[in-house]
Amino acid sequence: MSKPKNSSAIFLDADGVLWKDIGSGGILSAANHAIKNLELLSSNFTAPWLRIILSNQTYAARKNMSYFKFKSYVNTFFSSLIKIGLLDDYAICYHHPNANNLFLRKKCACRKPEPGLLYSMARKHNIDLQKSVLIGDRITDIQSGSAAGIQYLYLLLNDRMLEININSTHSPLYHVFTPLKDLKEFVLIEKILNEN
Amino acid sequence: MKIDSILILAAGMGTRLKPYTNYLPKSLLPIGDTNILRNLIILSQNYFPKTKIYVNASYLADKIIKEITFFPIINRPSIIWEPKPLGPAFTVSEHFKAHNHNVLVVHGDTYFSDLAFSQFAHSISLKQNDVSILLCHERIRDQARSQIIEKNGVISEIIELSPSDTNKFFTYSVPAVKVWSSSGAIVIKRNALLNFSPESNASISPTLVNYIARNETLYLEKCTAERISVDNEKSYIEAVKLNESTAKLFNRSIRN
């Protein structure tokens with residue numbers, strides 16, 4: 001994973017982008033969809049973009065599975081995608097401010113819409129966030145990207161895309177993004193990025 | 001003069017066009033085979049190719065977002081989504097804070113004929129220096145919602161009248177007298193809004209226009225071709241007719 005300094009990245013949300021959002025724990029049955037969509041992405045992007053997943057995963061926080069078992073599953077899952085070259089890295093927030101699991105009950109800086117996950121990945125890989133891309137399916141994804149200074153923010157169309165996190169204390173007055181019909185439109189995004 | 005971005009204001013509720021606007025924002029009301037927003041985006045892309053376009057949306061924003069995906073991702077406009085409408089002057093002011101460059105701001109309720117938009121675009125491209133320009137058309141004074149006070153093509157003030165004022169304010173005047181009125185498009189040059197901080201819900205006309213007129217030089221640009229501000233049923237029907245006539249002119253098909 002030795003990428004040049006000040007590299008650019010494409011940050012992807014998981015639920016709703018790599019696979020259909022079926023609620024908390026969707027990752028447990030997402031393998032085929034994730035591979036299919038990451039293959040689509042990898043076949044179209046020829047430039048040296050880091051491909052990084054950023055995701056809020058609250059399945060353990062809701063006490064549907066033990067934190068250690070769930071974390072182990074998530075690590076194994078994403079590591080397998082890295083091994084087959086479909087992914088470069090991933091960053092997960094397991095917290096929730098109202099978690100049933102007290103260990104994970106936390107108002108953290110990493111849960112989207114906060115930009116913590118983006119900052120940690122930017123530090124780790126020396127990523128130029130301004131030249132990077134984020135694709136999400138919720139306005140909280142856009143908020144997090146905007147707070148981190150990402151220039152190219154894409155929002156996938158779905159019925160919940162404009163839902164606002166009412167617990168967010170500093171929700172901006174407006175959000176700027178480009179809407180995406182579907183993942184197939186990835187094909188042409190690279191052209192836009194290369195032109196800029 | 002180069003336009004760096006185009007901002008289309010489409011967040012309004014279209015109150016005066018209810019019930020048409022109960023389920024569709026005003027900028028998406030069908031006008032033949034198109035709508036105001038689509039027409040504005042196509043004209044902008046034709047006459048300002050490679051210029052980034054932003055559309056602000058609030059009321060029924062999901063419908064505007066879906067409409068935007070009609071355009072290929074390569075040159076798809078970006079959305080500025082306001083969960084609560086901020087007011088057009090505030091939206092423009094925030095856009096300037098993010099990008100202090102030359103911006104063309106167009107009201108999302110203005111249906112421009114190809115000729116009117118192309119003339120404006122051509123005139124902008126001929127300017128040697130960056131300038132602020134308000135597009136204006138002539139109207140009979142009694143019917144003008146906004147009235148421009150200018151001298152030698154430089155605007156000193158714009159006066160905005162409510163619909164009832166336009167009937168009673170000039171009852172003593174000669175009906176045939178014509179005045180310049182705002183046409184719904186303004187070019188704002190970089191640095192023109194550096195210290196502009198409008199109250200929420202402030203409008204472009206008069207608040208923003210008068211700020212520029214008082215602090216900078218604001219030039220009047222004459223719009224002689226057809227454009228219609230769709231703000232009531234009558235003007236909506238006029239816009240539909242204008243689309244039909246220009247469709248015949250350019251041999252475009254009309255889908256009913």
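Things worth noting here:
- Segments classed as strands (runs of 3 or more DSSP E), wholly inside region B:60-170, with at least 1 members that are away from chain A (no Cβ under 14 Å): B:103-107, B:110-112, B:132-140, B:146-151, B:154-160
- For region B:59-94, filtering for residues that are within 21 Å of A:SER171 (Cβ to Cβ), of a type in the set (D, E, K, R) and in contact with a strand residue (DSSP E or B) (Cβ under 7 Å, 6 or more places away or on another chain) leaves 1.
- Taken as a whole, the condition of being within 11 Å of another protein chain (Cβ to nearest Cβ), of a type in the set (A, V, I, L, M), in contact with a strand residue (DSSP E or B) (Cβ under 9 Å, 6 or more places away or on another chain) and not in a loop (DSSP other than H, G, I, E, B) does not apply to A:ILE92.
- Residue that is under 29 Å from A:GLN130 (Cα atoms), touching a strand residue (DSSP E or B) at 6+ places or on another chain (Cβ under 8 Å) and among the β-branched types (Val, Ile, Thr), where the choices are A:ILE35, A:ILE82: A:ILE82
- Where strands (runs of 3 or more DSSP E) sit wholly within region A:104-191, those with at least 2 residues that are among the β-branched types (Val, Ile, Thr), surrounded by 14 or more Cβ atoms within 10 Å (Cβ to Cβ) and in contact (Cβ under 8 Å) with a residue 40 or more places away in the chain occupy A:133-136.
- The requirement of being of a type in the set (Ser, Thr, Tyr) and touching a Gly at 6+ places or on another chain (Cβ under 8 Å) is satisfied by A:TYR154.
- Yes/no for B:SER27 being touching a Leu at 6+ places or on another chain (Cβ under 7 Å), within 29 Å of A:ASP141 (Cβ to Cβ), surrounded by 21 or more Cβ atoms within 10 Å (Cβ to Cβ) and touching a residue at least 12 places away in the same chain (Cβ under 8 Å): yes
- Residue within region B:64-81 that is among the charged types (D, E, K, R) and either crowded, with 19+ Cβ neighbours inside 10 Å or in contact with a helix residue (DSSP H, G or I) (Cβ under 6 Å, 6 or more places away or on another chain) (or both) present: yes
- The condition of being without any contact (Cβ under 8 Å) to a residue 24 or more places away in the chain and more than 13 Å from every other protein chain (Cβ to nearest Cβ) holds for only one of B:THR51, B:THR15, that being B:THR15.
- Residue in region A:38-57 that is farther than 19 Å from A:TYR154 by Cα, away from chain B (no Cβ under 14 Å) and either crowded, with 21+ Cβ neighbours inside 10 Å or in contact with a Phe, Trp or Tyr (Cβ under 7 Å, 6 or more places away or on another chain) (or both) present: yes
- Yes/no for B:LEU218 being modelled with pLDDT of 95 or more and not polar (S, T, N, Q): yes
- Considering (1) surrounded by 15 or more Cβ atoms within 10 Å (Cβ to Cβ); (2) assigned to a loop (DSSP other than H, G, I, E, B); (3) touching a strand residue (DSSP E or B) at 6+ places or on another chain (Cβ under 9 Å), the lone condition that A:ASN98 does not fulfil carries the number (1).
- Any hit, region B:84-91, residues being at negative phi and without any contact (Cβ under 8 Å) to a residue 60 or more places away in the chain: yes
- Evaluated against (1) at pLDDT 95 or above; (2) more than 22 Å from A:SER146 (Cα to Cα); (3) more than 10 Å from chain A (Cβ to nearest Cβ), B:LEU9 falls short on exactly one condition, (2).
The values are calculated or read from the model by the stated rules, or taken from the named source; none is laboratory data. Nothing here was measured: the structure is a model prediction, and the numbers come from that model. Backbone-built Cβ (ideal geometry, glycine too); neighbour counts: all protein chains shown.
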